[in-house]
1. With label points built 7 Å along Cα→Cβ from the Cα atoms of Lys353 and His64, find their separation and express it in nm.
2. Which helices count as membrane-span-like in the chain under these terms: full DSSP H, at least 24 Å along the axis by C-alpha, Kyte-Doolittle mean of 0.0 or more?
3. Antiparallel DSSP bridges in segment 100-221: what percent, to the nearest 5?
4. May I ask for the Kirkwood hydrodynamic radius of segment 203-287, worked out over all distinct Cα pairs and given in angstroms to one decimal?
5. Just to be sure I understand the model, the point goes 7 Å from the Cα along the line to the Cβ. What's the resulting Glu189 to Arg325 distance in nm?
6. With all protein chains present, how much of the accessible area of the chain (probe radius 1.4 Å) comes from carbon and sulfur, to the nearest whole percent?
7. Please report the antiparallel percentage of DSSP beta bridges with both residues in the chain, rounded to the nearest 5.
8. Over the residues of segment 2-72, compute the C-alpha Rg and express it relative to 2.2 N^0.38 Å.
Amino acid sequence: MKNSENGIVSPFDKVVDRTGTESLKWVYPRKVLGVEEAIPMWVADMDFEAPPAVVEAIKRRAAHGIFGYPLIPPTFWQAAIDWLQKRHGWAVEKGWMAKSPGIVPALNYCVRAFTKPGDAVIIQTPVYHPFYSAVEHNDRRIVRNPLRFDGGRYVMDFDDLERKIDPDVRMVILCSPHNPVGRVWTAAELEHLGRVALEHDLVVFADEIHHDLVYSGHVHRVFAALSPELAARTVTGIAPSKAFNIPGLSTAAVIASNPRLLEAFKLETERAGYELGQVFGVVGFEAAYAHGREWLDELLPYLEANIDFMDRFLTERIPGIRLVRPEGTYLALLDCRSLGIAPDELNRFFLTKAQVYFSDGVQFGRELEGFVRVNFGCPRVLLTAALERIERAVRDLGR
Ligand SMILES: Cc1ncc(COP(=O)(O)O)c(C=O)c1O
(Lines give C-alpha, C1' and ligand atoms only; values in the text may rest on other atoms or scores of the structure.)
Protein backbone atom coordinates (compact mmCIF):
# COMPACT_ATOMS: atom_id res chain seq x y z
CA MET A 1 0.00 0.00 0.00
CA LYS A 2 1.25 3.47 -0.81
CA ASN A 3 1.44 6.47 1.40
CA SER A 4 -0.67 8.71 -0.80
CA GLU A 5 1.12 11.90 0.19
CA ASN A 6 4.67 11.28 -0.93
CA GLY A 7 4.57 7.99 -2.79
CA ILE A 8 6.99 6.38 -0.33
CA VAL A 9 6.02 2.95 0.89
CA SER A 10 6.32 2.64 4.65
CA PRO A 11 6.01 -0.61 6.59
CA PHE A 12 3.61 1.30 8.84
CA ASP A 13 1.18 1.76 5.96
CA LYS A 14 0.36 -1.94 6.13
CA VAL A 15 -3.17 -2.54 7.40
CA VAL A 16 -3.32 -5.63 9.58
CA ASP A 17 -6.72 -7.17 10.24
CA ARG A 18 -6.96 -7.68 14.02
CA THR A 19 -10.25 -9.56 13.85
CA GLY A 20 -10.16 -12.77 15.84
CA THR A 21 -7.27 -11.72 18.09
CA GLU A 22 -9.51 -10.66 20.98
CA SER A 23 -8.08 -7.15 20.78
CA LEU A 24 -9.65 -4.97 23.49
CA LYS A 25 -9.25 -1.96 21.23
CA TRP A 26 -11.26 -3.48 18.36
CA VAL A 27 -13.70 -5.74 20.19
CA TYR A 28 -14.99 -3.16 22.68
CA PRO A 29 -16.60 -0.61 20.31
CA ARG A 30 -17.60 -3.23 17.73
CA LYS A 31 -18.99 -6.05 19.89
CA VAL A 32 -19.57 -4.60 23.33
CA LEU A 33 -20.92 -1.22 22.20
CA GLY A 34 -22.33 -2.85 19.07
CA VAL A 35 -21.08 -0.51 16.33
CA GLU A 36 -19.82 -3.15 13.92
CA GLU A 37 -17.91 -0.86 11.55
CA ALA A 38 -16.37 1.38 14.22
CA ILE A 39 -12.78 2.52 13.74
CA PRO A 40 -11.23 2.31 17.22
CA MET A 41 -8.95 5.20 18.20
CA TRP A 42 -9.08 4.96 21.96
CA VAL A 43 -7.02 2.67 24.26
CA ALA A 44 -3.23 3.05 23.96
CA ASP A 45 -2.14 0.31 21.62
CA MET A 46 -1.16 0.88 18.02
CA ASP A 47 -2.36 -0.93 14.91
CA PHE A 48 1.21 -1.78 13.85
CA GLU A 49 3.02 -5.11 14.03
CA ALA A 50 5.75 -5.15 16.66
CA PRO A 51 9.36 -4.89 15.43
CA PRO A 52 10.35 -8.00 13.41
CA ALA A 53 13.09 -8.77 15.96
CA VAL A 54 10.46 -9.01 18.69
CA VAL A 55 8.16 -11.20 16.61
CA GLU A 56 11.07 -13.51 15.67
CA ALA A 57 12.29 -13.81 19.27
CA ILE A 58 8.81 -14.76 20.45
CA LYS A 59 8.35 -17.25 17.61
CA ARG A 60 11.68 -18.88 18.48
CA ARG A 61 10.66 -19.17 22.11
CA ALA A 62 7.17 -20.44 21.20
CA ALA A 63 8.68 -23.13 18.97
CA HIS A 64 10.28 -24.72 22.01
CA GLY A 65 6.88 -25.79 23.26
CA ILE A 66 7.53 -25.79 27.02
CA PHE A 67 6.45 -22.65 28.85
CA GLY A 68 7.56 -23.16 32.44
CA TYR A 69 8.34 -20.44 34.96
CA PRO A 70 11.05 -18.20 33.54
CA LEU A 71 14.15 -16.77 35.11
CA ILE A 72 15.11 -13.23 34.21
CA PRO A 73 18.42 -13.50 32.36
CA PRO A 74 21.16 -10.88 32.82
CA THR A 75 20.66 -9.95 29.15
CA PHE A 76 17.13 -8.72 29.99
CA TRP A 77 18.49 -6.09 32.38
CA GLN A 78 21.44 -5.29 30.16
CA ALA A 79 19.18 -4.56 27.17
CA ALA A 80 17.29 -1.97 29.25
CA ILE A 81 20.49 -0.51 30.72
CA ASP A 82 22.05 -0.09 27.26
CA TRP A 83 18.85 1.43 25.90
CA LEU A 84 18.56 3.97 28.71
CA GLN A 85 22.21 4.93 28.32
CA LYS A 86 22.14 5.30 24.54
CA ARG A 87 18.68 6.77 24.13
CA HIS A 88 18.40 8.90 27.26
CA GLY A 89 21.97 9.35 28.49
CA TRP A 90 20.94 7.79 31.79
CA ALA A 91 23.49 5.52 33.49
CA VAL A 92 21.48 2.89 35.36
CA GLU A 93 22.86 -0.02 37.38
CA LYS A 94 21.33 -3.46 37.46
CA GLY A 95 21.02 -3.29 41.22
CA TRP A 96 18.60 -0.36 40.90
CA MET A 97 16.04 -2.31 38.90
CA ALA A 98 13.04 -4.50 39.61
CA LYS A 99 10.50 -5.93 37.25
CA SER A 100 6.78 -5.41 37.34
CA PRO A 101 3.85 -6.83 35.37
CA GLY A 102 3.12 -3.28 34.24
CA ILE A 103 3.41 0.38 35.12
CA VAL A 104 -0.12 0.52 36.55
CA PRO A 105 0.62 -2.35 38.97
CA ALA A 106 3.94 -0.62 39.81
CA LEU A 107 2.09 2.58 40.56
CA ASN A 108 -0.25 0.76 42.93
CA TYR A 109 2.68 -0.97 44.66
CA CYS A 110 4.38 2.41 45.10
CA VAL A 111 1.30 4.08 46.56
CA ARG A 112 1.12 1.24 49.10
CA ALA A 113 4.86 1.22 49.76
CA PHE A 114 5.42 4.96 50.26
CA THR A 115 2.17 6.23 51.77
CA LYS A 116 -0.32 5.00 54.34
CA PRO A 117 -4.13 5.12 54.31
CA GLY A 118 -5.28 8.70 54.76
CA ASP A 119 -2.12 10.21 53.24
CA ALA A 120 -2.44 12.41 50.19
CA VAL A 121 -0.92 12.03 46.72
CA ILE A 122 -0.59 14.74 44.06
CA ILE A 123 -1.63 14.10 40.47
CA GLN A 124 -1.50 16.62 37.64
CA THR A 125 -4.89 16.52 35.99
CA PRO A 126 -6.26 15.80 33.46
CA VAL A 127 -4.26 12.60 33.55
CA TYR A 128 -4.25 8.90 32.67
CA HIS A 129 -7.24 7.63 34.69
CA PRO A 130 -5.50 4.76 36.58
CA PHE A 131 -3.56 7.47 38.46
CA TYR A 132 -6.82 8.34 40.22
CA SER A 133 -7.69 4.74 41.03
CA ALA A 134 -4.18 3.90 42.28
CA VAL A 135 -4.67 6.56 44.94
CA GLU A 136 -8.35 6.04 45.72
CA HIS A 137 -8.49 2.24 45.63
CA ASN A 138 -5.75 2.25 48.24
CA ASP A 139 -7.69 4.62 50.52
CA ARG A 140 -5.36 7.56 50.00
CA ARG A 141 -6.54 11.07 49.15
CA ILE A 142 -6.04 12.75 45.77
CA VAL A 143 -4.71 16.28 45.63
CA ARG A 144 -5.40 17.62 42.14
CA ASN A 145 -2.89 19.98 40.66
CA PRO A 146 -4.59 20.85 37.35
CA LEU A 147 -2.42 21.67 34.37
CA ARG A 148 -3.05 25.07 32.86
CA PHE A 149 -3.59 25.65 29.12
CA ASP A 150 -1.49 28.66 28.17
CA GLY A 151 -3.08 29.11 24.75
CA GLY A 152 -0.68 26.78 22.98
CA ARG A 153 0.10 23.98 25.37
CA TYR A 154 -0.53 22.70 28.87
CA VAL A 155 1.88 23.81 31.59
CA MET A 156 2.33 22.89 35.24
CA ASP A 157 0.72 25.30 37.70
CA PHE A 158 3.22 25.67 40.53
CA ASP A 159 1.27 28.38 42.37
CA ASP A 160 -1.68 26.01 42.63
CA LEU A 161 0.67 23.22 43.71
CA GLU A 162 2.27 25.24 46.50
CA ARG A 163 -1.15 26.35 47.72
CA LYS A 164 -2.47 22.79 47.89
CA ILE A 165 0.36 20.93 49.57
CA ASP A 166 -0.58 20.04 53.13
CA PRO A 167 1.25 17.90 55.68
CA ASP A 168 -0.65 14.76 54.55
CA VAL A 169 0.90 14.91 51.07
CA ARG A 170 3.64 12.25 50.82
CA MET A 171 3.95 11.52 47.14
CA VAL A 172 3.58 12.98 43.65
CA ILE A 173 2.84 10.97 40.53
CA LEU A 174 4.50 12.49 37.49
CA CYS A 175 3.42 11.53 33.97
CA SER A 176 6.35 12.26 31.67
CA PRO A 177 5.70 12.58 28.77
CA HIS A 178 2.17 13.36 29.76
CA ASN A 179 -0.88 11.35 28.74
CA PRO A 180 -3.27 12.82 27.58
CA VAL A 181 -2.00 16.40 27.13
CA GLY A 182 1.03 15.26 25.09
CA ARG A 183 3.63 17.43 26.81
CA VAL A 184 7.30 16.51 26.88
CA TRP A 185 8.28 18.43 30.00
CA THR A 186 11.29 20.73 29.81
CA ALA A 187 14.20 20.44 32.24
CA ALA A 188 13.10 23.75 33.82
CA GLU A 189 9.58 22.43 34.52
CA LEU A 190 10.85 19.16 35.94
CA GLU A 191 13.46 20.94 38.06
CA HIS A 192 10.76 23.18 39.48
CA LEU A 193 8.65 20.16 40.38
CA GLY A 194 11.79 18.59 41.85
CA ARG A 195 12.35 21.61 44.12
CA VAL A 196 8.80 21.24 45.43
CA ALA A 197 9.36 17.51 46.06
CA LEU A 198 12.59 18.23 47.94
CA GLU A 199 11.11 21.04 49.99
CA HIS A 200 8.14 18.93 51.11
CA ASP A 201 10.02 15.63 51.31
CA LEU A 202 7.84 13.86 48.73
CA VAL A 203 8.49 10.55 47.00
CA VAL A 204 8.10 10.87 43.22
CA PHE A 205 6.75 8.13 41.02
CA ALA A 206 7.87 9.10 37.51
CA ASP A 207 5.79 7.24 34.94
CA GLU A 208 8.03 7.48 31.87
CA ILE A 209 6.32 4.77 29.84
CA HIS A 210 5.96 7.14 26.84
CA HIS A 211 9.54 8.45 26.94
CA ASP A 212 10.64 6.90 23.66
CA LEU A 213 7.79 8.57 21.78
CA VAL A 214 9.03 12.12 21.42
CA TYR A 215 8.78 14.34 18.31
CA SER A 216 11.15 16.78 16.62
CA GLY A 217 12.17 19.78 18.61
CA HIS A 218 11.58 18.07 21.98
CA VAL A 219 13.88 16.12 24.26
CA HIS A 220 12.72 13.87 27.05
CA ARG A 221 14.53 14.53 30.32
CA VAL A 222 14.68 11.66 32.79
CA PHE A 223 13.42 13.11 36.08
CA ALA A 224 15.65 10.95 38.29
CA ALA A 225 18.71 11.94 36.24
CA LEU A 226 18.28 15.67 36.97
CA SER A 227 20.20 15.49 40.26
CA PRO A 228 21.37 12.95 42.85
CA GLU A 229 18.92 14.48 45.36
CA LEU A 230 15.98 13.78 43.05
CA ALA A 231 17.29 10.32 42.17
CA ALA A 232 17.26 9.51 45.89
CA ARG A 233 13.49 10.11 46.16
CA THR A 234 12.30 8.82 42.80
CA VAL A 235 10.99 5.54 41.45
CA THR A 236 10.85 5.57 37.64
CA GLY A 237 8.59 3.29 35.63
CA ILE A 238 9.82 2.23 32.19
CA ALA A 239 8.65 -0.29 29.62
CA PRO A 240 9.04 -0.97 25.90
CA SER A 241 5.30 -1.61 25.73
CA LYS A 242 4.12 1.71 24.26
CA ALA A 243 6.98 2.58 21.90
CA PHE A 244 7.32 -0.94 20.48
CA ASN A 245 3.62 -1.75 20.67
CA ILE A 246 3.79 -4.77 22.97
CA PRO A 247 1.50 -3.77 25.86
CA GLY A 248 -0.16 -7.20 25.90
CA LEU A 249 3.16 -8.78 26.94
CA SER A 250 2.68 -7.29 30.43
CA THR A 251 6.31 -6.70 31.33
CA ALA A 252 7.76 -3.48 32.73
CA ALA A 253 10.51 -2.39 35.10
CA VAL A 254 11.05 0.18 37.81
CA ILE A 255 14.29 1.91 38.62
CA ALA A 256 15.26 3.39 41.99
CA SER A 257 18.86 4.13 42.88
CA ASN A 258 17.83 4.50 46.53
CA PRO A 259 17.94 0.94 47.98
CA ARG A 260 15.37 1.85 50.62
CA LEU A 261 12.81 2.73 47.93
CA LEU A 262 13.68 -0.29 45.82
CA GLU A 263 13.38 -2.73 48.72
CA ALA A 264 10.05 -1.22 49.79
CA PHE A 265 8.82 -1.59 46.21
CA LYS A 266 9.93 -5.23 46.01
CA LEU A 267 8.25 -6.01 49.31
CA GLU A 268 4.95 -4.70 47.92
CA THR A 269 5.30 -6.86 44.81
CA GLU A 270 5.77 -9.85 47.11
CA ARG A 271 2.76 -8.86 49.18
CA ALA A 272 0.74 -8.77 45.97
CA GLY A 273 1.94 -12.29 45.21
CA TYR A 274 3.90 -11.29 42.13
CA GLU A 275 7.31 -12.79 41.77
CA LEU A 276 7.92 -14.53 38.50
CA GLY A 277 7.85 -13.02 35.06
CA GLN A 278 5.91 -13.97 31.96
CA VAL A 279 7.80 -16.10 29.40
CA PHE A 280 6.95 -14.08 26.29
CA GLY A 281 7.05 -10.78 28.13
CA VAL A 282 10.62 -11.40 29.20
CA VAL A 283 11.63 -12.31 25.63
CA GLY A 284 9.75 -9.39 24.05
CA PHE A 285 11.06 -6.78 26.49
CA GLU A 286 14.67 -7.78 25.83
CA ALA A 287 14.29 -8.06 22.05
CA ALA A 288 12.61 -4.65 21.79
CA TYR A 289 15.32 -2.83 23.73
CA ALA A 290 18.19 -4.81 22.22
CA HIS A 291 17.06 -4.84 18.58
CA GLY A 292 14.21 -2.36 18.12
CA ARG A 293 16.10 0.88 17.53
CA GLU A 294 15.85 1.06 13.73
CA TRP A 295 12.18 0.15 13.78
CA LEU A 296 11.45 2.91 16.27
CA ASP A 297 13.52 5.41 14.31
CA GLU A 298 11.25 4.71 11.34
CA LEU A 299 8.08 4.78 13.40
CA LEU A 300 8.61 8.23 14.90
CA PRO A 301 8.57 10.21 11.62
CA TYR A 302 5.54 8.20 10.54
CA LEU A 303 3.65 9.16 13.70
CA GLU A 304 4.77 12.75 13.33
CA ALA A 305 3.48 12.80 9.76
CA ASN A 306 0.17 11.48 11.13
CA ILE A 307 0.04 14.49 13.47
CA ASP A 308 0.75 16.89 10.57
CA PHE A 309 -1.85 15.17 8.43
CA MET A 310 -4.50 15.30 11.15
CA ASP A 311 -3.69 18.92 11.96
CA ARG A 312 -4.03 19.96 8.31
CA PHE A 313 -7.17 17.93 7.76
CA LEU A 314 -8.91 19.43 10.79
CA THR A 315 -7.86 22.99 10.00
CA GLU A 316 -8.96 22.78 6.38
CA ARG A 317 -11.99 20.52 6.57
CA ILE A 318 -13.31 20.33 10.15
CA PRO A 319 -12.48 23.71 11.70
CA GLY A 320 -14.91 23.03 14.58
CA ILE A 321 -12.39 20.55 15.98
CA ARG A 322 -8.97 21.73 17.09
CA LEU A 323 -5.96 19.48 17.64
CA VAL A 324 -3.88 20.09 20.76
CA ARG A 325 -0.59 19.22 19.08
CA PRO A 326 1.30 16.60 21.08
CA GLU A 327 5.05 16.84 21.66
CA GLY A 328 5.22 13.15 22.50
CA THR A 329 3.06 9.97 22.80
CA TYR A 330 0.74 8.74 20.03
CA LEU A 331 -2.27 10.22 21.83
CA ALA A 332 -3.68 13.70 21.33
CA LEU A 333 -6.55 15.82 22.55
CA LEU A 334 -9.19 17.08 20.18
CA ASP A 335 -10.97 20.20 21.42
CA CYS A 336 -14.54 19.79 20.18
CA ARG A 337 -16.16 22.53 22.24
CA SER A 338 -17.12 24.62 19.23
CA LEU A 339 -19.19 21.79 17.74
CA GLY A 340 -22.00 22.72 20.12
CA ILE A 341 -22.55 19.13 21.28
CA ALA A 342 -23.29 18.53 24.98
CA PRO A 343 -20.12 17.10 26.61
CA ASP A 344 -21.87 13.94 27.79
CA GLU A 345 -23.11 13.30 24.22
CA LEU A 346 -19.81 13.92 22.48
CA ASN A 347 -18.17 10.50 22.43
CA ARG A 348 -21.50 8.87 21.62
CA PHE A 349 -21.91 11.28 18.71
CA PHE A 350 -18.55 10.23 17.27
CA LEU A 351 -19.32 6.54 17.79
CA THR A 352 -22.84 6.48 16.43
CA LYS A 353 -22.73 9.20 13.77
CA ALA A 354 -19.13 8.87 12.58
CA GLN A 355 -18.44 5.30 13.68
CA VAL A 356 -15.16 6.36 15.21
CA TYR A 357 -14.47 5.51 18.84
CA PHE A 358 -12.31 7.84 20.93
CA SER A 359 -11.55 8.06 24.63
CA ASP A 360 -13.87 10.55 26.29
CA GLY A 361 -11.90 13.50 27.66
CA VAL A 362 -13.66 13.54 31.03
CA GLN A 363 -12.29 10.06 31.71
CA PHE A 364 -8.99 11.86 32.39
CA GLY A 365 -10.49 14.70 34.40
CA ARG A 366 -13.40 17.12 34.47
CA GLU A 367 -11.07 19.70 32.87
CA LEU A 368 -11.62 17.89 29.56
CA GLU A 369 -15.36 18.37 29.10
CA GLY A 370 -15.88 18.81 25.37
CA PHE A 371 -12.62 17.06 24.45
CA VAL A 372 -11.86 13.56 23.22
CA ARG A 373 -8.50 11.79 23.06
CA VAL A 374 -7.46 10.30 19.73
CA ASN A 375 -4.97 7.47 19.37
CA PHE A 376 -3.28 8.19 16.02
CA GLY A 377 -0.94 5.19 16.14
CA CYS A 378 -2.38 3.59 13.02
CA PRO A 379 -1.80 3.38 9.26
CA ARG A 380 -2.57 6.65 7.50
CA VAL A 381 -5.40 5.10 5.47
CA LEU A 382 -7.22 4.31 8.69
CA LEU A 383 -6.63 7.80 10.06
CA THR A 384 -7.85 9.28 6.79
CA ALA A 385 -10.99 7.12 6.80
CA ALA A 386 -11.75 8.15 10.39
CA LEU A 387 -11.30 11.86 9.64
CA GLU A 388 -13.48 11.60 6.52
CA ARG A 389 -16.23 9.94 8.55
CA ILE A 390 -16.02 12.69 11.15
CA GLU A 391 -16.11 15.37 8.46
CA ARG A 392 -19.38 13.90 7.12
CA ALA A 393 -20.92 13.54 10.60
CA VAL A 394 -20.05 17.12 11.52
CA ARG A 395 -21.41 18.38 8.18
CA ASP A 396 -24.68 16.53 8.90
CA LEU A 397 -25.00 18.46 12.15
CA GLY A 398 -25.79 21.38 9.86
CA ARG A 399 -24.09 23.92 12.11
C1 LIG B 1 0.91 7.08 31.32
C2 LIG B 1 0.64 5.62 31.24
N3 LIG B 1 1.08 4.80 32.22
C4 LIG B 1 0.86 3.47 32.19
C5 LIG B 1 0.16 2.89 31.14
C6 LIG B 1 -0.11 1.43 31.14
O7 LIG B 1 0.97 0.73 31.60
P8 LIG B 1 0.94 -0.85 31.83
O9 LIG B 1 0.18 -1.45 30.70
O10 LIG B 1 2.39 -1.21 31.84
O11 LIG B 1 0.31 -1.08 33.16
C12 LIG B 1 -0.30 3.71 30.11
C13 LIG B 1 -1.08 3.13 29.01
O14 LIG B 1 -1.68 3.80 28.24
C15 LIG B 1 -0.05 5.09 30.16
O16 LIG B 1 -0.48 5.92 29.20
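1. Those two pseudo-labels are separated by 5.4 nm.
2. 380-397
3. The antiparallel fraction comes to roughly 15 percent.
4. Value: 14.2 Å, from the Cα pair sum.
5. In this crude spin-label approximation the distance works out to 1.5 nm.
6. 52
7. Of all bridge pairs located within the chain, approximately 50 percent are antiparallel.
8. In units of the 2.2 N^0.38 Å rule of thumb, it is 1.49.
The values are calculated or read from the model by the stated rules, or taken from the named source; none is laboratory data. Predicted model only: the values in this text are computed from it and were never measured. Glycine gets a Cβ as well: all are built from the backbone with ideal geometry, and neighbour counts include every protein chain shown. Areas reflect the complete protein model, heavy atoms only, side chains present, ligands, DNA and RNA absent. Shrake-Rupley method; radii C 1.70, N 1.55, O 1.52, S 1.80 Å.
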